[in-house]
Amino acid sequence: MKFDTPATTNPIDRLQIVGQPHDRIDGRYKVTGTVSYAYEHHEVAPNAAYGYPVGATIAKGHIRAMRTEAARRAPGVLAIVTAENAGKLEKAGRNTAKLLGGPEIDHYHQAIAVVVAESFEQARAAAALIEVEYAEAPGRFSLAAEKGAAKPADSDVGGPAETAVGDFAGAFARAPVRLDETYTTPDESHVAMEPHASMAVWEGESLTLWTSNQMINWGRMDLAKTLGLPEERVRVISPFIGGGFGSKLFLRSDALLAALGARAAGRPVKIALPRPLAVNNTTHRPATIQRVRIGAEQDGRITAIGHESWSGDLPDGGPETAVNQTRLLYAGAHRMTATRLATLDLPEGNAMRAPGEAPGMMVLEIAMDEMAEKLGIDPVQFRVLNDTQQDPENPSRPFSRRQLVACCRMGAERFGWERRSARPGQRREGNWLVGLGMAAGFRNNLLTPSGARVRLEEPGIVIVETDMTDIGTGSYTILAQTAAEMMGVPMEQVRVRLGDSAFPVSAGSGGQWGANNATSGVYAACVKLREAVTRKLGVNAADAVFEHGEVRSGGRSLPLRQAVAEGPLTGEDKIEYGDLAKTHQQSTFAAHFVEVGVDAATAEIRVRRMLAVCAAGRILNPKTARSQVIGAMTMGVGAALMEELAVDPRRGFFVNHDLALYEVPVHADIPHQEVVFLEDDDPISSPMKAKGVGELGLCGVGAAVANAVYNATGIRVRDYPVTLDKLLTRLPAATG
Ligand code: MOS
């Protein structure tokens with residue numbers, strides 16, 4: 001089905017099932033521990049051997065010698081695979097560095113061997129016996145030091161490296177009120193609960209891989225390419241995923257090492273990356289240095305806005321596209337943005353939840369707060385004043401739907417924003433300095449083809465099959481809701497099967513594009529199935545209504561199951577998009593509000609209240625959508641106050657590569673969170689009229705926290721995370 005004209009009324013609009021806060025249909029299985037994750041498919045391979053990966057302990061250079069004899073003789077060892085005996089391996093395009101390194105080493109903890117043994121303990125013990133002699137080469141590990149050599153970098157999702165409209169330099173120089181500040185965001189880790197894990201089973205020359213992966217089809221293509229196999233001989237299965245956040249968008253070493261280990265051992269092999277390896281072996285969100293310049297008239301109207309971002313990656317890697325939202329978010333006749341990329345020899349930088357906008361909004365929205373203060377304008381009003389209904393770089397392109405102003409106004413009212421003191425450091429409650437902060441939220445809505453197959457079987461059971469994944473987001477549930485609404489059956493009669501490359505290729509889970517595109521793919525398949533049903537029943541398709549297990553048409557009412565009395569009927573299709581995403585800018589909007597308390601003596605920061613008001617298209621399931629947003633808000637607090645991978649500047653690795661030292665928020669850090677969704681059905685986005693929401697909930701939260709800390713203390717921290725050492729010596733209490 002091609003979606004190239006705005007959606008009109010369709011069966012989804014009844015909202016009898018879609019749009020309702022349905023519980024997760026997989027929730028019961030998860031909380032009772034009765035579903036199998038990638039490492040747990042004992043039922044398919046009870047005799048699986050265990051693989052243990054060995055990571056390089058230098059960041060750059062080459063292996064001079066690797067001694068594996070002692071490991072081979074160790075108890076239980078079945079095979080050891082290294083680059084020397086693995087056979088020819090290609091590098092798939094989505095991986096920046098090779099998943100099995102050697103003799104050249106590209107980054108610290110790049111995998112250089114896998115040991116396969118009868119038990120996990122034997123594999124790990126044998127791995128420790130491998131001796132590696134390296135020739136270490138000097139590496140580049142500091143973004144600040146390499147910034148000068150950074151080059152403009154286009155990125156596949158982010159558009160051009162540089163954009164310019166009007167005369168930014170002139171307009172900025174002439175502006176009566178100006179801000180020119182530089183900010184930094186650190187390297188961050190995804191730390192999904194479930195580690196990267198895979199189990200590989202060979203049957204002859206065909207490989208089946210149970211893994212934990214967000215994008216089944218990418219994984220299948222890349223694994224086939226790496227191993228030099230035709231795609232038909234690779235099957236990837238990933239029905240349940242314990243969190244991804246972008247770290248499982250692409251094939252990682254666990255998948256390749258399991259496949260190689262299983263081939264070498266002649267046995268099914270499973271591997272889970274140990275937590276420290278997950279940090280340095282896989283990907284992270286790259287650190288940024290960002291310069292923002294804003295010029296405005298005294299009345300608060302922005303005349304010039306410029307945003308430059310520097311980040312680093314391995315050779316052939318990509319940038320963090322932190323300037324992207326600045327191309328779209330605020331009005332202003334004169335503008336520039338630039339994305340620059342330095343070469344670093346740290347582990348691979350890549351997508352982490354809302355790549356680009358997450359760190360970009362952390363910076364832009366502090367800058368907006370600073371600018372509002374310079375102008376003497378309320379931060380909410382400053383954003384309202386500079387709203388635009390057109391893409392500011394291409395004024396002929398309207399936003400499909402944009403309710404940023406409504407988000408800001410409703411948020412301000414609900415949060416009690418009028419009680420905020422415009423002057424910082426004014427409100428004190430006992431030992432606590434109390435402040436309020438806000439920020440806009442913004443993330444694009446991406447359209448991508450998505451396929452599905454839907455089958456109607458006796459006695460009126462609807463089976464949905466697509467390679468879409470559920471990374472904890474609720475895909476199973478909203479796809480079931482879509483099929484139930486379309487076919488007019490209760491949720492209990494729908495079965496959803498996901499995460500298998502044997503099913504039609506879907507959008508997959510990433511970039512908050514999963515919900516809108518994958519449900520639209522199921523919608524398209526259901527349209528086909530409805531046609532098959534009406535044909536079978538001999539009724540007119542055009543006015544057929546599917547409801548309560550019946551098909552009503554032309555005054556007749558027939559049971560749906562009558563259509564499958566002689567056998568199942570199938571509908572298969574995919575949603576594809578025409579030019580609507582080019583003629584209209586599609587984005588999602590929010591306003592984030594935060595109240596913090598800062599201990600006047602110790603600078604301990606406590607988040608006390610949070611509110612997000614979101615305009616993110618039609619909300620397909622308010623319960624799962626809210627769950628996405630509160631999780632994202634929690635992640636935003638982590639980014640604002642805690643998360644930072646510490647770089648060892650001599651050896652080029654992230655030192656705090658475990659959950660003891662990489663700090664993320666826990667329950668005690670997060671207060672009650674309120675989430676409001678505005679009515680925002682968008683007929684330009686898809687037949688579902690929905691958009692993404694899972695990343696919107698993150699974008700802007702960090703800045704709202706930082707702005708609240710400023711409002712509480714009068715201390716402006718421009719280097720994330722905002723930790724107490726950056727406040728301690730400057731606290732009002734310490735000076736007076
Ligand atoms: Mo998201 S970082 O595209 O999984």
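What follows is calculated from the coordinates using simple rules that are stated; it is not laboratory data. Just so you know, these numbers come straight off a predicted model, no measurement behind them. Positions of Cβ are backbone-derived with ideal geometry, glycine not excepted, and every protein chain shown enters the neighbour counts.
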| note | Reduced to Cα centres, the span from region 567-591 to region 279-349 in Å works out to 29 Å
| Cα centroid distance between region 250-270 and region 380-401, in Å? | 50 Å
| request: Starting with the highest mean, order 438-451, 660-673 by the number of other Cβ atoms within 10 Å, averaged over the residues of each peptide. | output: 438-451, 660-673
| field | Of the GluC sites (Glu not before Pro) in region 105-213, those whose Cβ has at most 12 other Cβ within 10 Å and which sit in DSSP loop | value | GLU205
| request: Quickly rank 226-233, 579-586, 367-374 as a protection proxy: mean count of other C-beta atoms within 10 Å, highest first. | output: 367-374, 579-586, 226-233
| message | Over the Cα atoms of the chain, each weighted equally, I'd like the Debye log10 I(q)/I(0) at q = 0.06, 0.08 Å⁻¹, rounded to two decimals. | response | -0.38, -0.67
| query | Taking region 79-165 as the region of interest, what is the percent of Cα-Cα pairs per 10 angstrom bin, listed from the shortest bin to the one with the maximum distance? | reply | 12, 30, 30, 17, 9, 2, 0
| task | Whole Å is fine, so just give me how far the alpha carbon centre of region 1-58 lies from that of region 62-97. | result | 32 Å
| said: For region 1-89, take N as its residue count and report Rg(C-alpha) divided by 2.2 N^0.38 Å. | reply: 2.11
| request: Take every Cα-Cα pair in region 621-736 and report what % of them are more than 17 Å apart. | output: 67 percent
| Amide H partners (placed H, <5 Å) of ALA113, local residues excluded | VAL54
| query | lysines within cross-link reach of LYS623: Cα-Cα under 28 Å, excluding same-chain residues under 8 positions apart? | reply | LYS30, LYS248, LYS574, LYS689, LYS691
| query | Tally Lys and Arg at +1 and Asp and Glu at -1 over the other residues with C-beta under 11 Å from the C-beta of THR34: what net charge comes out? | reply | 0
| task | Just order 681-693, 248-260 by mean Cβ neighbour count inside 10 Å, highest at the front, would you? | result | 248-260, 681-693
| field | Relative contact order (percent, whole number), the chain, Cα cutoff 8 Å, 6+ residue spacing | value | 17 percent
| said: Straight-line reach only, C-alpha to C-alpha below 14 angstrom: list the aspartates and glutamates that LYS582 could link to, leaving out same-chain residues fewer than 8 apart. | reply: ASP4, ASP391, GLU393
| task | Would you work out the relative contact order for region 1-150, in percent, from Cα pairs under 8 angstrom that are 6 or more residues apart? | result | 32 percent
| Around VAL717, with a cut-off of 11 angstrom between Cβ atoms, what is the net charge of the other residues, counting Lys and Arg +1 and Asp and Glu -1? | +2
